Amino acid sequence: MKIGDKVRFLSETGEGRITGFKDKKIVMVEDADGFEIPFAINEVVVIDNDNYDKKNEINNTAQQVQNVAKEKEAVKVDNHINYNYPVEERDGGEKLSVYFAFVPVDIKEVTKTRFETYIINDCNYYIRYNYLTAENNNWHLRSTGEVEPNTKLYIEEFGKEELNDYGRVCVQIMAYKKEKSFALKPTCEAQFRIDTVKFYKLHTFKENDFFETPAMVYTVIENDKVSNPLVVDAKQIKDKIYNNVSIEADDNYVRRYENKGKHGNPFRPKHKEDLLVIDLHANEILETTAGMSNSDILNYQLDLFRKTLEENKNIKGKKIVFIHGKGEGVLRQAIIHELNYRYKKYSYQDASFQEYGYGATQVTIH
């Protein structure tokens, strides 16, 4: 591999010409639009050994070629790196902004495709990250590493058969700069409840600033503000309960009041009965309904209804209130149909009018 060689990109479509070597690991490639882009050596393959630039070839010594070849062979690369941004500082990048994303390999086949996971560092700091998924009450470290400033890093690829492993995700971040002074940033951690049903919905993958294809992007920290939808201070919860303040936990767009009582939660609310409240209104459980038909919305609401009953099926006597609203009664009728035919062993009734109005149904697990 030498200056002037024509190469094909492995991580994306396109070809280019080698214009130089940044170091032993990074090769500079001029693409078809005339932009010079850094690529990891293992991310390009030579397709034409003709010399396109005699002058540059003279400057490329035989020793340099040998060193690059030895380095490529010696280093085993487990994850490929996609360099979409130059590794340099930019205006407005002094506040931490870090995201992680799920990207469909083939957006046109969203019901069948596999997915790629990325960590996105959209600031002027290097970050050291840990990426974890939950295993019951414990955690599994899926990836750890460093991401350069204004860069995104590929982590892994997975299929729909593995979605159950991604129900809860945690990202831990430590930020710093190299070879220069910098403002100290606190280490941070963000946990997320991932609704795996979204991986089957085309509209949940959005246009974004980081990928040419739609992606599902989650904010870890943005402008130094940490996103922490699942981390709740236990003492704060306990204080609120004993002061008769209702607790409203945000479970990734699903509002619910939850108490497990004798089933494991040491905090007991003021209510005499263990009660879980699920608001099925579309604006409560979906970021947006743009592009969704009425049928799509109804199916999503019913999926959440079934998932909730499945999660609580072993808690005998558990009472669950589903808020469906009055409207035209389509959602209520669909829920009653499910209870009459799929969940016959559960009893149900209209929920308290004083607390929920006329648009709620209470289900008791038996």
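The values are calculated or read from the model by the stated rules, or taken from the named source; none is laboratory data. Every value quoted in this text rests on a predicted model; they were computed, and no experiment measured them. Glycine also receives a Cβ, built like all others from the backbone with ideal geometry; neighbour counts cover every protein chain displayed. Side chains included, ligands, DNA and RNA excluded: accessible areas come from the protein's heavy atoms. Shrake-Rupley method; radii C 1.70, N 1.55, O 1.52, S 1.80 Å.
Of the residues making up the stretch 1-15, those that are open to solvent by less than 20 Å² (accessible area, probe 1.4 Å) and either at pLDDT below 80 or under 32 Å from the mean Cα position of the chain (by Cα) (or both) number 1. The set of residues in the stretch 127-142 being part of a strand (DSSP E or B) and open to solvent by 40 Å² or more (accessible area, probe 1.4 Å) consists of ARG128, ASN130, GLU135, ASN138, TRP139, HIS140, LEU141, ARG142.
As a summary of the residue check, CYS123 satisfies the conditions (1) over 23 Å from VAL226 (Cβ atoms); (2) modelled with pLDDT of 90 or more; (3) over 16 Å from the mean Cα position of the chain (by Cα) except for the one numbered (1).
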